[in-house]
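Here the structure is laid out as structure tokens; the discussion comes afterwards.
The values are calculated or read from the model by the stated rules, or taken from the named source; none is laboratory data. Fair warning: this is a prediction, and the values are worked out from it, not measured in the lab. Reconstructed Cβ throughout: ideal geometry from the backbone, glycine too, with neighbour counts over all protein chains shown. When the accessible area is computed, the model is the full protein with side chains, heavy atoms only, and any ligands, DNA or RNA have been set aside. Shrake-Rupley method; radii C 1.70, N 1.55, O 1.52, S 1.80 Å.
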Amino acid sequence: VKFKPIDYAKINKCIDKIRLAILNEHAKKNTIKLKSNFLIQNVQASNVAIAVLSGQEIIKLIKSEFEVNFELSRLFSGNVRGFLDETEVNLAIRDTLQKEPSAFLTKNNGVVITCDKYAIDPNKEEIAITNPVIINGQQTVSTIYNFYPNEKKSDKINVLVKFIKPPHKQPQDKKLIEIAKATNQSNKISNLDLLSNRPFFKDLSKQFGQDNIYLKIKDGKLLNELFIQQLPVIDFKDLLQVWVAIFLKRPSDAKTVNKNIEIFTKAYESDNKTYQSLILPENSSKLISSFKYSYKVLKYKNKTVYEFFKDAAYYKHAQFFILYLLNEKNPNFLENSTDADSTNAYLTEVKNSLENFISEARETKESANLEFTYNNYFKSTQPQVDYLSSIGEEVKNLTVVSAIEEFLNSQ
């Protein structure tokens, strides 16, 4: 036996290379043959093949892809969510595997897999698939994989699997999302889950990946997070709140996450040209830059802003308005964030302004015999109106559409 010492820096370099490949969804070609327990039905007109695979074949599929592509980066890339683990549906799947494996085929909805191509061998009841992507059924296959760690008895269950070869004339991402919407019914799909497979969001994830940051968009987790676990993880929903407050200048909307996700859903699905323009290729660079800046602001908020305001009773409700004020008063506030004196001066100025607005708003409410609460005040546009009035600026009632137009037209 020969031992060769390897420099730790070289090991880290290899890990970084693998990690970057995962984040950028780099995938190698893979063709795997799967044996069906029953006659494979080929619906040529629809480019669909239907087979019944044993749990053993499902595990074989996962292992084959894992050997070729780290983190199953292709196999699960088209799924609208990661592995959700202990949902009611997944616990029911596990329960059937444990107590009634022979009934699995009748109880489970099955798995939907797209692939670049498939070929059926009717003599062997085999189907060879190239570059598989699970569109629906990640919860099923992941639960099966975890339930049979040694593959023992995995041949006792049958799983209905539909293989789809998407037509080349339709954009791949659009077709995948259509199939995902139609087939994912057991665990509810959120708009953000669906957005995770859209071109802009895939590009955004890759851009953060270039900086060794894992941008988490869809729900759930990877089956094996070995190469991701050391990375800083940022939840897109947190990023979106900052982006809405800073770039759309709508701090009152920042907490309404679902409403803000809808902005990007409309960009892909509505006929409104302003929403659509948000994700046009020519605006991609500007949009990505704004989210990268939002990440820096988020880190600043979670550390510096929080430490300064944490004892203030209003902070929880006012946190996004504070970011808005900071940015409005000094758009370059992050550049001076390493200077403790300057940072303290900016935050003190914002705090004084904020507490003046609160004091006046409270007085107005009480004089009218109405209750003042921080929650009601900061979820309204009143703080923004109070600020703009204080600097003598015209108060405009900007719609989301107008806010997007101002953002895209800004320098």
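Values as computed for the structure displayed
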read-out: Violating pairs (Cα-Cα greater than 28 angstrom) within the set LYS13/LYS35; LYS28/LYS99; LYS216/LYS255; LYS216/LYS296; LYS301/LYS365; value: LYS13/LYS35; LYS28/LYS99; LYS301/LYS365
read-out: Most to least accessible of ILE246, ILE50 (protein chains only, probe 1.4 Å); value: ILE50, ILE246
read-out: Cα-Cα over 29 Å, subset of LYS17/LYS249; LYS237/LYS273; LYS17/LYS237; LYS63/LYS107; value: LYS17/LYS249
read-out: Accessible-area value, TYR306, 1.4 Å probe, nucleic acids and ligands omitted, Å²; value: 100
read-out: The chain - percent relative contact order, Cα under 8 Å, separation 6 or more; value: 15
read-out: Unit charges on C-beta of K, R, D, E only; dipole of the chain, Debye; value: 1780
read-out: The range 257-411 - percent relative contact order, Cα under 8 Å, separation 6 or more; value: 23
read-out: Dipole of the range 304-411 [Lys/Arg +1, Asp/Glu -1 at C-beta], most positive-end residue of SER410, SER367, PHE309; value: SER367
read-out: Candidate lysines - alpha carbon under 16 Å from LYS303, same-chain residues fewer than 8 apart omitted; value: LYS316
read-out: Cross-link partners of LYS153 among aspartates and glutamates (Cα-Cα below 16 Å; sequence separation of 8 or more within a chain); value: GLU57, ASP95, GLU100
read-out: Accessible area of TYR148 in the full protein assembly, 1.4 Å probe (Å², nearest 10); value: 20
read-out: Selection of chymotrypsin sites (Phe, Trp or Tyr not before Pro), the range 27-70, meeting DSSP coil and at most 14 other Cβ within 10 Å; value: PHE38
read-out: Whole-percent carbon and sulfur share, accessible surface of the chain, 1.4 Å; value: 48
read-out: Where THR364, THR256, THR96 fall by accessible area, highest first, once all protein chains stay in place (1.4 Å); value: THR364, THR256, THR96
read-out: Cross-link reach list, aspartates and glutamates versus LYS379, counting only Cα pairs under 14 Å and skipping chain neighbours closer than eight places; value: ASP253
read-out: Percent of Cα pairs exceeding the 20 Å cut-off, where the set is the range 328-390; value: 39
read-out: Measure of compaction for the range 1-156 (Cα Rg per 2.2 N^0.38 Å); value: 1.20
read-out: The range 249-316: C-alpha gyration tensor shape, a/c 1.5 cut-off, then a/b vs b/c; value: oblate
read-out: ASP271, ASP116, reordered so the largest accessible area comes first (probe 1.4 Å); value: ASP271, ASP116
read-out: Charge-dipole axis of the chain as Lys and Arg at +1 and Asp and Glu at -1 on Cβ define it, positive-most pick from ASN37, PHE208, ILE157; value: ASN37
read-out: Heavy atoms of CYS14: accessible area, 1.4 Å probe, square angstrom to 10; value: 80
read-out: Per DSSP, loop GluC sites (Glu not before Pro) in the range 312-411 with at most 11 further Cβ within 10 Å; value: GLU335, GLU371, GLU393, GLU394
read-out: Magnitude of the charge dipole, the range 255-382, Cβ model with Lys/Arg +1 and Asp/Glu -1, debye to 20; value: 440
